[in-house]
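So the structure is just underneath, and the comments pick up after that.
The values are calculated or read from the model by the stated rules, or taken from the named source; none is laboratory data. Since the model is a prediction, treat every value here as computed from it, not as a measurement. Every residue, glycine as well, gets a Cβ built from its backbone with ideal geometry; the counts of neighbours run over all protein chains shown. For the accessible areas, the whole protein counts, side chains as well, though only heavy atoms, and no ligand, DNA or RNA atoms are used. Shrake-Rupley method; radii C 1.70, N 1.55, O 1.52, S 1.80 Å.
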Amino acid sequence: MDTLTKTMELLPKLDCGACGYKTCNDFANKVDMGEEALKKCVHIADKLNGKADTKACFLCAKEGSGMGDKLGWKDSLKRDFDFILDCFPNEPGPKETILPYNPTLVKELGVKKGDVMIGRPMGMSCGCPITHCGIVSSVDARNGVIIWNVTGPLRPRTEGFIDIGYYISQAYEGIIKESKEEIKLGVRYWFLPRRCMLQWRHSGLVNAVIKLKDGGYKVRIEGLLIG
């Protein structure tokens, strides 16, 4: 068996994106069989450390698992939330619209689609203490606005990155598959982004919503707050 096949046998095949890559196959192509490299996958790290009670993180639960009910609709600080915001299909992570505190950096750094980038959201209520990493999906150089898909930290660590510094998070876009109630335009909700590393609820105003055939919703959420 070649190295790639052996690596894929160890990975969970969830394509969760927590490592910073879109699929487990992409991750496998970037690491060798060295145990330390493979430990960057959160799903197998404990297994490689010899622990028998390995648990996959709840953020990567498979579709249809009813994760909201399993959590009792409480975040990691036991606070209520109304729905889980999932990623769009075939995208590597949550879609976030951001505005750097210094918008001229977009031109100065030559930020473009496909770039790996890091930055820290500041100013949303209490802000977020976690540096965000992701892949740029579009850029408005005139206004300094960037849309990116937030992913895990592995890709920036292994491939390099652009540091945009502090930024303001303007909007999230995604799919709602699980909610406690009907989602209405113009209403502010508490929600849990599927891959939030802190597992904290966020608050936002739904200013665009489309009801999907499967009963879910496609939404854009602005006026974001954390905490």
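For I164, state whether it is in a strand (DSSP E or B), of a type outside the set (G, A, S) and farther than 16 Å from K22 by Cα. Answer is yes for this residue. Within the range 199-212, being assigned to a loop (DSSP other than H, G, I, E, B) and under 20 Å from F88 (Cβ atoms) holds for one residue alone: L212.
For the range 175-193, a residue qualifies if it is assigned to a loop (DSSP other than H, G, I, E, B), open to solvent by 70 Å² or more (accessible area, probe 1.4 Å) and under 20 Å from D69 (Cβ atoms), and the qualifying residues are K180, E181, E182. When the residues of the range 74-98 are filtered to those that are aliphatic (A, V, I, L, M) and crowded, with 18+ Cβ neighbours inside 10 Å, the one that is farthest from the chain's Cα centre (by Cα) is I98. Of the helices (runs of 4 or more DSSP H) lying entirely inside the range 1-105, those carrying at least 3 residues that are modelled with pLDDT under 75 and either within 30 Å of I164 (Cα to Cα) or in contact with a helix residue (DSSP H, G or I) (Cβ under 7 Å, 6 or more places away or on another chain) (or both) are 35-38.
Exactly one residue out of C128, C196, C133 is in a loop (DSSP other than H, G, I, E, B), open to solvent by less than 30 Å² (accessible area, probe 1.4 Å) and more than 16 Å from L99 (Cβ to Cβ): that is C196. Being more than 19 Å from the chain's Cα centre (by Cα), basic (K, R) and closer than 17 Å to V139 by Cα is true of K112.
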